[in-house]
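To start, the structure under review is shown below, and the notes come after it.
The values are calculated or read from the model by the stated rules, or taken from the named source; none is laboratory data. All values reported here derive from a predicted model rather than from experimental measurement. Because the Cβ atoms are built from the backbone with ideal geometry, glycine has one as well, and the counts that use them run over all protein chains shown.
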Amino acid sequence: MLVTTKKMLLEAQKNHYAVGAFNVENMEMVQAVIAAAEEMHSPIIIQTTPSTLKYASPELYLANVKALANKAEVPIAIHLDHGNSFELAMQTFRCGYTSIMIDGSQKPFEENIALTSAVVKAAHAANISVEAELGSVGGKEDSLDNGEGGYTDPSKAKEFVERSGCDSLAVAIGTAHGVYKHAPKLDLNRLSAIREVVDIPLVLHGTSGVDDEVVKECVQRGICKVNYATDLRIAYTRGVKEVLAENPDTIDPKKYGARGREYVKQYVMEKMQVVGSAHRI
Ligand code: 13P
Ligand code: ZN
C-alpha cells in the first residue's frame with residue numbers, strides 16, 4: 001500500500017531500525033525495489049531526484065509505483081529527494097507524492113528555515129511529511145556539487161527543527177554522494193550529539209559505498225532513513241552491460257532490462273538487512 005513516511009519513520013525510530021530509501025530512474029528499478037520489499041517483508045521508500053523528474057515526470061514515476069504498491073502487502077512511500085525549489089515540492093505534492101524533501105542546505109540558515117517552513121505548511125495541511133537538510137552532504141548529486149560538504153552543527157539543529165517544523169532531518173556527518181575515492185570517515189560523535197538535541201527521525205545521505213558496519217552503527221545512533229542511489233545505478237548498468245557483452249546483437253530492451261532489474265533487487269534486499277527493516281512487516 002502507498003503510505004506517507006511519517007508513521008513509517010516513527011515506527012523505525014521507536015524500534016531502533018532504519019528504512020532504506022532507494023533512488024529509481026526507470027520502471028525496471030521501481031519493479032526491482034518493490035519486489036525486494038515484498039520478498040523481505042520490509043517497508044520501503046522510493047525516491048526520485050529533480051534530474052530524474054526531468055527525465056520522466058512525477059506522474060509517470062508515481063503511476064509505476066502506485067500500480068505495484070496497490071497490490072503490495074508492504075508499506076511503500078514515494079518521496080521527492082533533494083527537492084530544490086518550492087515549486088517542485090508543490091508539483092510533486094499536488095501530483096500525489098507521499099513524502100517530500102526540501103533541500104535548502106545551500107542557503108543561509110534563516111533562508112533554509114523560511115523555505116522549509118513554507119513547504120511544511122503546505123504539506124502538513126494534507127498530512128504529507130517533509131524532510132529537510134541542515135549542513136550539506138558532500139559530493140555530487142544531480143547538478144549540485146557540494147565538494148567537501150559542511151558538517152551539521154548540533155547546536156543549530158535543534159533550533160532548525162523547532163522553527164521549520166520538519167518531520168525528519170538529513171544530517172551531514174562526513175558522507176558524500178557518488179562513488180567514494182577513499183573510505184569515508186564519519187563523525188559518529190556528531191551524530192550522537194545531534195540525536196541528543198533533536199528527537200525527530202534523522203536521515204543518512206550518500207550511503208552507497210559506506211561500510212555496512214558503519215551504517216549499522218549510524219542506525220544505532222539514531223538514523224531512521226538511509227539513502228542509496230549510486231549503487232543502484234551501478235547495479236542496473238552492470239546487468240545491462242553484461243547482457244550486451246554476452247550478446248552484442250541483443251536488440252530487445254527486455255533482455256538487458258531484466259538483468260539490470262535482478263541486480264538492483266539483489267542489492268536492495270542486502271541493504272534491507274543492513275538497515276534492519278527486513279521482516280518488520
Ligand atoms: P549515494 O548516491 O551516495 O548513495 O547517495 C544517495 C542519496 O543521498 C540520495 O539522496
Ligand atoms: Zn542525498
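Laid out as a table, the results:
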item	result
Criterion (of a type outside the set (S, T, N, Q) and surrounded by 18 or more Cβ atoms within 10 Å (Cβ to Cβ)) met by exactly one of VAL240, VAL179	VAL240
Residue list for region 77-87, filter: more than 15 Å from ligand 2 (Cβ to nearest atom) and either surrounded by fewer than 24 Cβ atoms within 10 Å (Cβ to Cβ) or more than 15 Å from the chain's Cα centre (by Cα) (or both)	SER85, PHE86, GLU87
Failed item in (1) more than 19 Å from LEU202 (Cα to Cα); (2) part of a helix (DSSP H, G or I); (3) in contact with a helix residue (DSSP H, G or I) (Cβ under 9 Å, 6 or more places away or on another chain), with ALA12 passing the rest	(1)
Residue list for region 162-190, restricted to those being in contact with a Lys or Arg (Cβ under 9 Å, 6 or more places away or on another chain), outside any loop (DSSP other than H, G, I, E, B), free of Cβ contacts under 8 Å to residues at least 60 places away in the same chain and within 16 Å of ligand 2 (Cβ to nearest atom)	VAL171, ALA176, HIS177
Candidates ARG280, ARG195, ARG233 - the one that is within 16 Å of ligand 2 (Cβ to nearest atom) and either surrounded by 15 or more Cβ atoms within 10 Å (Cβ to Cβ) or assigned to a loop (DSSP other than H, G, I, E, B) (or both)	ARG233
Subset of region 210-230 that is away from ligand 2 (no atom under 13 Å from the Cβ) and assigned to a loop (DSSP other than H, G, I, E, B) - its residue that is farthest from PRO50 (Cα to Cα)	ARG221
Close pairs from region 101-121: first free of Cβ contacts under 8 Å to residues at least 40 places away in the same chain and assigned to a helix (DSSP H, G or I), partner among the basic types (Lys, Arg) and surrounded by fewer than 20 Cβ atoms within 10 Å (Cβ to Cβ), Cβ under 9 Å, at least 6 apart	ALA114/LYS107; LEU115/LYS107
Boolean, SER57 is touching a Ser or Thr at 6+ places or on another chain (Cβ under 6 Å), among the hydroxyl-bearing types (Ser, Thr, Tyr) and either farther than 21 Å from LEU10 by Cα or free of Cβ contacts under 8 Å to residues at least 60 places away in the same chain (or both)	no
Search result, residues across region 130-171 that are modelled with pLDDT of 95 or more, within 16 Å of ligand 1 (Cβ to nearest atom) and of a type in the set (S, T, N, Q)	THR152, SER168
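So that you can scan it fast, the table gives a plain yes or no per residue for (1) touching a helix residue (DSSP H, G or I) at 6+ places or on another chain (Cβ under 7 Å); (2) modelled with pLDDT of 95 or more; (3) over 23 Å from LEU202 (Cβ atoms):
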position	(1), (2), (3)
VAL3	no, yes, no
GLU28	yes, yes, yes
GLN31	yes, yes, yes
VAL65	yes, yes, yes
ILE76	yes, yes, no
